[in-house]
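Would you mind keeping the following structure in view while I ask a few things?
The values are calculated or read from the model by the stated rules, or taken from the named source; none is laboratory data. Not measured: the values here are computed from a predicted model. FYI the Cβ positions are ideal-geometry reconstructions off the backbone, even for glycines, and counts take in every protein chain you see. SASA here: full protein model, heavy atoms, side chains in, ligands and nucleic acids out. Shrake-Rupley method; radii C 1.70, N 1.55, O 1.52, S 1.80 Å.
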Amino acid sequence: MVYHSSYSHLEEVEFACGCPLLPLKATARGPTHNASTEETDIVDEAITLFRANVLFRRFDIRGPADKLLVYLTLYINMALKRIDSCPSEAEGIRLLINLGLEPFPIPGDPGFPLAGLFATPTSRLEAETLRTYLQSVREETSNRLLQVVYLPDGSPNKWWLSFSKRKFMNVAMPL
């Protein structure tokens, strides 16, 4: 059984291209307001559910937040593949920070892996809002992923990096 997002039933959430713009506990700028630091947000949820959800080939979308959860699961998978061969924590940190800042496709762009889940932008403003939101989500995910992928002594956590070889829903984000 796949684990779904607990944010799928939130009301009064803004959307861009069918993606909910959920509040983040973010230090990065973005189009959403900051969530309370005591509560979990979609990034915490995606990291927590990643190792269970990546084992499934199907994911039944039950709400709009599940779309974002699928996107983040694919992003985490791509991040783990990038840092799997890093010899040191410093190199892994550099790679993940750069990954969060790299240009990436959005719905409607060639190379976007989840074209069937998200609608194409209807305006330039909607496209820019989604790009800004996904950029801040990617940066936050990269920063928080570093905390679980590396142990306090700086060595890689093999229980996390072993999932870099898995393919979620037979889809891969472009490296």
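Using Cα pairs under 8 angstrom and six or more residues apart, how large is the relative contact order of the stretch 16-159, in percent? Don't jump to the answer; show the numbers that get you there.
Numbers: 149 pairs, mean separation 49.2, N = 144.
Rounded, it is 34 percent for the stretch 16-159.
Same structure again: Based on the Cα gyration tensor of the stretch 67-173, what are the three equivalent ellipsoid semi-axes, each the root of five times an eigenvalue, rounded to whole Å and given largest first?
On the way: eigenvalues 150, 44, 20 Å².
Square roots of five times the eigenvalues give 27, 15, 10 Å.
What's the carbon and sulfur percent of the chain's accessible surface, probe 1.4 angstrom, rounded to a whole number?
Working: 4910 of 9150 Å².
Carbon and sulfur together cover 54 percent of it.
Can I ask one more? Per residue, how much accessible area does the stretch 81-175 have with a 1.4 Å probe, in Å²? Don't skip to the end; give the middle numbers.
Numbers: 5100 Å² over 95 residues.
Normalised by residue count, the accessible surface of the stretch 81-175 is 54 Å².
Here's another thing I want to ask about it. With each pseudo-label sitting 7 Å past Cα toward Cβ, what's the residue 10-residue 39 distance in nm, one decimal?
Going from the residue 10 label point to the residue 39 one covers 0.7 nm.
If amide hydrogens are placed 1.01 Å from N in the peptide plane, which non-local residues have theirs closer than 5 Å to the one on residue 16?
Result for residue 16 returns 21.
Check every DSSP H run in the chain and write down those whose alpha carbon atoms cover 20 angstrom or more along the long axis and whose mean Kyte-Doolittle hydropathy is 0.0 or greater.
64-83
Determine, for each peptide in 47-53, 76-82, the mean count of other beta carbons within 10 angstrom over its residues, then list the peptides with the highest first.
On the way: 47-53: 17.9, 76-82: 21.4.
Per-residue Cβ counts within 10 Å, averaged per peptide and sorted highest first, yield 76-82, 47-53.
Right, something else. Could you work out the helix-only [θ] at 222 nm for the chain, with each DSSP H run of four or more residues adding -39,500 (n - 2.57) and the total divided by the number of residues, to the nearest 500 deg cm²/dmol? Let's see the in-between values first.
Details: 5 runs with 75 residues, N = 175.
So the calculated ellipticity at 222 nm is -14000 deg cm²/dmol.
Still on this model: What distance in nm lies between label points placed 7 Å from Cα along the C-beta direction at residue 158 and residue 55?
It works out to 1.9 nm between the two label points.
Take the alpha-carbon centre of the stretch 64-129, take the same for the stretch 136-170, and report the distance between them in whole Å.
So the separation of the two Cα centres works out to 14 Å.
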